[in-house]
Amino acid sequence: MTETTTATTSSTAATAARAFGAQAPDAQLAALEIERRALGPKDVRIDIKYCGICHSDIHFTRGEWGKVPYPAIPGHEIAGVVAAVGSEVTEFSAGDRVGVGCMVNSCRECENCAKGDEQYCIPGNTQTYGSTDRDGTVTYGGYSDHVVVDQDFVLRIPDGLELDAAAPLLCAGITTYSPLRHWGAGPGTRVAIVGLGGLGHMAVKIATAMGAEVTVLSQTLNKKDDGLKLGADAYFATSDDATFDELAGTFDLIINTVSASLEIGKFLGLLKTDGALVNVGAPPEPLPVPVFQLLLQRRTFAGSAIGSIRETQEMLDFCAEHGIAAEIEVIDASQINDAWERVLKSDVRYRFVIDNSTL
Ligand code: NAP
Ligand code: ZN
Ligand code: ZN
């Protein structure tokens, strides 16, 4: 561990990292050792203190989205402290509180990178895990004791945020903040959040802080008290057909955070004329869209992926300013497999966060 806690600008050797990951789609996660690249001139080496568990970690590691370069080391809600910086790093120094989200590189040349939308990099951004980085190595995520990341993809965690509760902001926070901003959530808008899990509970907090009127659409009323405490104005069960009659045509914006396929036409019917339903949930199977629900009221069905680095910093600063962070259950490494099973059963309140000192 000493190499990760000593500030240096000259360390050039690759480092061995303790990690937790899977060797096959149906395997339990277990401890293993991986290698982190040598610190390049523009790299930052981060001691990972906490890492959130995102449902994407499960989709990816179990091969639901496609072929996986095993071993898979998931984790893209990383919060930690800078241990060392490369010789040309200007933005960070040892001891800084930092975060890393879902991407660690991009081409930096395409139209989208040029305008600061590197999450939509046209040849594809480099994801924090399971991607081939521009040096040809496969990326490994935050279920690990340290990581080496180019300074341009490192975020600053404001002092007002605790590292453990801030970790989930790096994915769940930005993935909901970005479409809420893009589609104009704010005073005078009615916003519905579908699914009260990791992303959903952040969406409720952020949309409320933006000044929107917020409704939760959950499978049942089991979490109603929590939803209202998080800031929602109303809470309905989607298992009750009356919900769809009562709320027909009432929302400007719906953010769907559900990890499974939904009957999307029923939800489109809840939009006003010109309203938008934005899918951030990423189930592997297609969602059939009944087009009459769109064209008769000029409604939009859209998608959104995380957010840019600039926007992620803006979101972290917004959360610090509004005193918002995730509702978390901090777990040890030995509890990761059980936590995944609980996520799959929608039994999460509202984000599991790994204490990386236990890896
Ligand atoms: P999560 O914590 O498991 O939350 C998902 C919620 O969806 C559950 O809590 C549950 O809410 C609801 N749900 C689950 N299964 C359902 C079903 N069969 N029918 C109806 N509702 C169901 O997951 P998460 O970490 O928030 O991630 C949600 C999704 O977003 C995942 O697919 C993930 O891969 C994706 N994601 C996308 C991006 C992006 O950039 N677009 C980024 C991060 C994550 P209730 O109990 O309230 O019904
Ligand atoms: Zn995620
Ligand atoms: Zn690009």
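The values are calculated or read from the model by the stated rules, or taken from the named source; none is laboratory data. Only a predicted model underlies this, so the values are computations on that prediction, with no experimental measurement involved. Neighbour counts are summed over all protein chains in view; Cβ atoms, including those assigned to glycine, are modelled from backbone coordinates with ideal geometry. Ligands, DNA and RNA are excluded from the accessible area calculation, which covers all protein heavy atoms including side chains. Shrake-Rupley method; radii C 1.70, N 1.55, O 1.52, S 1.80 Å.
Quick look at the values:
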| quantity | calculated |
| --- | --- |
| J(HN,Hα) series, region 287-299, from Karplus relation 6.51 cos²θ - 1.76 cosθ + 1.60, nearest Hz, glycine and proline x | 10, x, 10, x, 5, 5, 5, 8, 6, 5, 10, 6, 8 |
| Lys, Arg +1 and Asp, Glu -1 on Cβ, resulting dipole of region 173-303 about Cα centre, debye, nearest 20 | 360 debye |
| GNM flexibility winner over the chain from Ala27, Ala207, Ala237 (Cα, springs under 10 Å) | Ala27 |
| Region 173-303 - percent relative contact order, Cα under 8 Å, separation 6 or more | 21 percent |
| Max mean-square fluctuation residue, GNM over the chain, Cα-Cα springs under 10 Å, options Glu35, Glu246, Glu314 | Glu246 |
| Fraction of antiparallel bridges per DSSP, region 173-303 only, in percent to nearest 5 | 0 percent |
| DSSP-defined beta bridges in the chain - what % are antiparallel, rounded to 5 | 55 percent |
| Kirkwood-based shape ratio for the chain, expressed as Rg/Rh from alpha carbons | 0.97 |
| Region 218-265 shape via C-alpha gyration tensor axes, a/c threshold 1.5 | rounded |
| Value of relative contact order over the chain, rounded to a whole percent, pairs C-alpha under 8 Å and six or more apart | 17 percent |
| Set of lysines with alpha-carbon distance to Lys223 below 25 Å, sequence-local pairs under 8 removed | Lys205, Lys266, Lys345 |
| Where GluC sites (Glu not before Pro) fall in DSSP loop in region 48-140, at most 11 other Cβ within 10 Å | Glu88, Glu109 |
| Qualifying aspartates and glutamates (Cα of each under 15 Å from Cα of Lys115; at least 8 residues distant if same chain) | Asp152, Glu311 |
| Rounded to the nearest 20 debye, dipole of the chain from Cβ charges on Lys, Arg, Asp, Glu | 460 debye |
| For region 173-303: accessible area per residue (Å², 1.4 Å) | 41 Å² |
| Using alpha-carbon coordinates, inclination of helix 198-210 to the longest axis of the chain, degrees | 70 degrees |
| Portion, in percent, of the accessible area of the chain that falls on carbon or sulfur, probe 1.4 Å | 49 percent |
| Per-bin percent of Cα-Cα distances, region 173-303 [5 Å] | 2, 12, 24, 26, 23, 11, 3, 0 |
